[in-house]
Amino acid sequence: MDPDGAAGIADRLARVRDRIAAAAQSVGRDPAEVHLLLAVKTQTPEAVLAAIDAGAHLLGHNRAQELVAMGPALAGAPHQMHFIGHLQSNKIHQALPWVACVQSVDSPLLATRLDRAAGHAGRSLDVFLQVNTSGEETKWGVDPRQALDLAYAIGALPHLRLRGLMTIGANTPDTDEVRASFERLAQIRAAVLASGAPGTDHAVELSMGMSGDLEHAVAAGSTMVRIGSAVFGPRL
Ligand SMILES: *Cc1c(COP(=O)(O)O)cnc(C)c1O
């Protein structure tokens, strides 16, 4: 665990909650509309359990291998696990038992395979549609121009429940551009909800904002920020 241990995690978690509240209040939003998901990549189970003890119950892994390895250690602790990284098709069956939601659905093929795997497991699966709102080539996510069609395709699958949209903000010091990437996701959500397409009417979540840009995301309407380093310290 981090040198300052569980107390440090609890302390930084409180500071992140304060940042979220301040960001929400500054644009007239209720801070309770913004959920906090902890991105736990590279962390030890001890650090993650300390965060759960400190009240963080929504967690995200972005590698299937880490997800599966940590699963048993978290089994007794109250939490909900989301998958927030790129999910390879050959990892779906390993990952599925450990997650309540996959936030990174960005292709019809992945959606179809997840739907089939969930059906085989006799369950339904919450998903978010990941959109590449910054256009950066290094980022996963569906092109914004294809986002509506993919939302309709997901909505039509029997075992997936489309809960919202996810993006990673533009990686630039230009804060207008960062803000624009988040606003783009909010616009796509509005279009999805206005479409009336079957299975899309619960797509209300906007998963956007990380340690460095959560204020911009909350201003643009984020309902879920994904925070790692601001709570756990810089990644090794
Ligand atoms: C690591 C990660 C985060 C959190 O990033 P920080 O900058 O450490 O807050 C959020 N979303 C995804 C998809 C991540 O992989």
Original post:
If you take the residues of region 105-127 that are in contact with a Leu (Cβ under 6 Å, 6 or more places away or on another chain) and within 15 Å of the ligand (Cβ to nearest atom), which of them is nearest to His202 (Cα to Cα)?
Top reply: Val127
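Could you list, in sequence order, the residues of region 125-139 that are under 18 Å from Leu165 (Cα atoms) and either more than 15 Å from the chain's Cα centre (by Cα) or modelled with pLDDT under 95 (or both)? It would help to see each step written out before you state the result.
Taking region 125-139 as the starting set, the residues that turn out to be under 18 Å from Leu165 (Cα atoms) are 125-136, 139.
Those that are under 18 Å from Leu165 (Cα atoms) and either more than 15 Å from the chain's Cα centre (by Cα) or modelled with pLDDT under 95 (or both): Ser134, Gly135, Glu136, Lys139.
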Original post:
Across region 194-212, what is the number of residues that are surrounded by 16 or more Cβ atoms within 10 Å (Cβ to Cβ) and away from the ligand (no atom under 16 Å from the Cβ)?
Top reply: 4
Original post:
Can you name the residue in region 29-46 that is more than 13 Å from the ligand (Cβ to nearest atom) and more than 18 Å from Glu205 (Cα to Cα) and, of all such residues, is most open to solvent (accessible area, probe 1.4 Å)?
Top reply: Glu46
**OP:** Could you give me the residue pairs with C-beta distances under 9 Å whose first residue belongs to region 198-223 and is touching a residue at least 40 places away in the same chain (Cβ under 8 Å) and part of a helix (DSSP H, G or I), whose second residue is open to solvent by less than 10 Å² (accessible area, probe 1.4 Å) and away from the ligand (no atom under 15 Å from the Cβ) wherever it lies, and which are 6+ apart or on separate chains?
**Re:** Val218/Ala24; Ala219/Ala24
Subject >> Gly5 more than 16 Å from the ligand (Cβ to nearest atom), surrounded by fewer than 13 Cβ atoms within 10 Å (Cβ to Cβ) and in contact (Cβ under 8 Å) with a residue 40 or more places away in the chain >> reply: yes
Original post:
Taking the condition open to solvent by 30 Å² or more (accessible area, probe 1.4 Å) and in contact with a helix residue (DSSP H, G or I) (Cβ under 6 Å, 6 or more places away or on another chain), does Ser89 pass?
Top reply: yes
**OP:** Determine, yes or no, whether Gln94 is of a type outside the set (Lys, Arg), over 18 Å from Phe232 (Cβ atoms) and touching a residue at least 24 places away in the same chain (Cβ under 8 Å).
**Re:** yes
Original post:
Within region 15-28, how many residues turn out to be within 16 Å of the ligand (Cβ to nearest atom), of a type outside the set (Asp, Glu) and without any contact (Cβ under 8 Å) to a residue 60 or more places away in the chain?
Top reply: 1
Original post:
Which of the residues belonging to region 224-236 are open to solvent by 20 Å² or more (accessible area, probe 1.4 Å) and either away from the ligand (no atom under 12 Å from the Cβ) or assigned to a loop (DSSP other than H, G, I, E, B) (or both)?
Top reply: Pro234, Arg235, Leu236
Original post:
Are any of the residues in region 99-112 open to solvent by 80 Å² or more (accessible area, probe 1.4 Å) and either in contact (Cβ under 8 Å) with a residue 40 or more places away in the chain or of a type in the set (Gly, Ala, Ser) (or both)?
Top reply: yes
Original post:
For Thr175, all conditions in the list (1) touching a His at 6+ places or on another chain (Cβ under 9 Å); (2) without any contact (Cβ under 8 Å) to a residue 40 or more places away in the chain hold save one; what is the number of the exception?
Top reply: (2)
Original post:
In region 47-82, how many are open to solvent by 30 Å² or more (accessible area, probe 1.4 Å) and farther than 30 Å from Ala22 by Cα?
Top reply: 9
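The values are calculated or read from the model by the stated rules, or taken from the named source; none is laboratory data. This structure is a prediction, so every number in the text was calculated from the model and none was measured. As a convention, Cβ positions derive from the backbone with ideal geometry for all residues, glycine included, and neighbour counts pool all protein chains shown. Remember, those area values only see protein heavy atoms, side chains included, never the ligands or the DNA or RNA. Shrake-Rupley method; radii C 1.70, N 1.55, O 1.52, S 1.80 Å.
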